[in-house]
């Protein structure tokens, strides 16, 4: 008996303490988000929490005291039960667990089941089997997200690749019949589509790095008007829109990775062109919290009730194309710099995306 447990010297005291410990254990496992089933050395179920009972279509009172095979009624695609397939009480004495696998509950729902096998001292016989169950909905949702990502990538890659392949094929087949201006136009288009592919691949890699916390940055003092001007010229080469830059001459530098800053600005300006109309205005100013760069378009704007969703993966307005990763990436990159991103209404009725960046402070 554990010396920390004070057992009164009376008949039945040990049974009272055991019952009390079981009640405490049940209260502990009932607060867990996953289902728990614990069976003893004779494969008799001693403890079932409410979540497990719900997944198995029973109640704790009805399950406890029955054999594990009778309670854990999940099956595989062939209808064979978990206990019959895994045989947790058999096998090598070094066996300590059963890896997580997908099973089907009595209601037809996918359930992910794993188990821990406890043994007596010196690799003795099995003393307890603790089974954990959780709904497969989260994994199904993750699988859908991955499928959405694959579909999005395939769709976004197909368009520029089709252009590149078509123009290259035309150049190969009709080289002698094309004049220099036609060749230059085709090669310029191929170059622009190649840049688009390169940017998309960079976006996908950065999204993966943001999700895993492995984004690396090389920050240094950056001149915002110069970088914005370069992005505007680059965007104008493929989209003859009116893009204006408003910035004071004495705007302080910011502490940022110039490549990531360029990526953010390119996303915001291209997004404004895609979902808005002429003109697009980029304004940079110094505020108390740092340097603020905002991009205004002249489109329909983003309603306040959906602005929080705009920074999630695959969010699009449904009006025009896009990977749905632009604002998600913008938000992640700006916050990685210690800044912030918000959405507001532009004076002309469109959307205003406001990014705040930390100002560079020179060491004295």
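The values are calculated or read from the model by the stated rules, or taken from the named source; none is laboratory data. Just so it is clear, the structure is predicted and the values come from calculations on it, not from any experiment. Note that we place each Cβ from the backbone using ideal geometry, even for glycine, and neighbour counts take in every protein chain shown.
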May I ask you to say which residue of 332, 299, 350 is at pLDDT 85 or above, touching a strand residue (DSSP E or B) at 6+ places or on another chain (Cβ under 8 Å) and over 20 Å from residue 247 (Cα atoms)? 350
Would you confirm whether any residue within the range 158-177 is under 30 Å from residue 325 (Cβ atoms) and assigned by TED's automatic domain parsing to the domain that holds residue 49? no
For residue 245, the lone unmet condition from (1) over 21 Å from residue 336 (Cβ atoms); (2) modelled with pLDDT of 90 or more; (3) buried (at least 21 other Cβ atoms within 10 Å of the Cβ) is (3)
Sort out which residues of the range 323-339 are under 17 Å from residue 204 (Cβ atoms) and without any contact (Cβ under 8 Å) to a residue 24 or more places away in the chain, and write them in order of number. 331
Just one of the numbered conditions (1) surrounded by 20 or more Cβ atoms within 10 Å (Cβ to Cβ); (2) in contact (Cβ under 8 Å) with a residue 40 or more places away in the chain is not true of residue 269; which one? (2)
What are the pairs, 6+ residues apart or on separate chains, where a residue within the range 87-103 that is touching a residue at least 40 places away in the same chain (Cβ under 8 Å) and at negative phi has its Cβ under 8 Å from a residue that is in a loop (DSSP other than H, G, I, E, B) and surrounded by 14 or more Cβ atoms within 10 Å (Cβ to Cβ)? 89/43
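Quick check: is even one residue across the range 238-245 more than 29 Å from the chain's Cα centre (by Cα), outside the structural domain of residue 204 (by TED's automatic domain parsing) and assigned to a helix (DSSP H, G or I)? Reasoning before the result, please.
Of the range 238-245, the ones more than 29 Å from the chain's Cα centre (by Cα) are 238-245.
Imposing the further condition that a residue be outside the structural domain of residue 204 (by TED's automatic domain parsing) reduces the set to 238-245.
Subset that is assigned to a helix (DSSP H, G or I): 238.
Among the residues of the range 238-245, at least one is more than 29 Å from the chain's Cα centre (by Cα), outside the structural domain of residue 204 (by TED's automatic domain parsing) and assigned to a helix (DSSP H, G or I), which makes the answer yes.
Would you please name the residue that is surrounded by the most Cβ atoms within 10 Å (Cβ to Cβ), looking only at residues in the range 24-41 that are outside any helix (DSSP H, G or I) and under 34 Å from the mean Cα position of the chain (by Cα)? Even if it seems obvious, please write down each step before you answer.
Just the residues of the range 24-41 that are outside any helix (DSSP H, G or I), to begin with: 31-41.
Checking the rest, the ones that are also under 34 Å from the mean Cα position of the chain (by Cα) come to 31-38.
On the way: 31: 9, 32: 14, 33: 7, 34: 15, 35: 25, 36: 20, 37: 27, 38: 20.
Across the range 24-41, the extreme among qualifying residues is 37.
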For the condition on the phi > 0 side of the Ramachandran plot and at pLDDT below 90, what is the one hit in 136, 122, 65? 122
Filtering strands (runs of 3 or more DSSP E) wholly in the range 42-122 for at least 2 residues that are over 26 Å from residue 141 (Cβ atoms) and touching a helix residue (DSSP H, G or I) at 6+ places or on another chain (Cβ under 8 Å) gives 45-48
From the set of residues in the range 225-240 that are in contact with a helix residue (DSSP H, G or I) (Cβ under 8 Å, 6 or more places away or on another chain) and surrounded by 15 or more Cβ atoms within 10 Å (Cβ to Cβ), which is farthest from residue 281 (Cα to Cα)? 238
Residues in the range 84-93: is at least one out of contact with any strand residue (DSSP E or B) (no Cβ under 6 Å at 6 or more places or on another chain), surrounded by 17 or more Cβ atoms within 10 Å (Cβ to Cβ) and modelled with pLDDT of 90 or more? no
Might you let me know whether the range 280-290 holds any residue that is touching a residue at least 60 places away in the same chain (Cβ under 8 Å) and surrounded by 22 or more Cβ atoms within 10 Å (Cβ to Cβ)? no
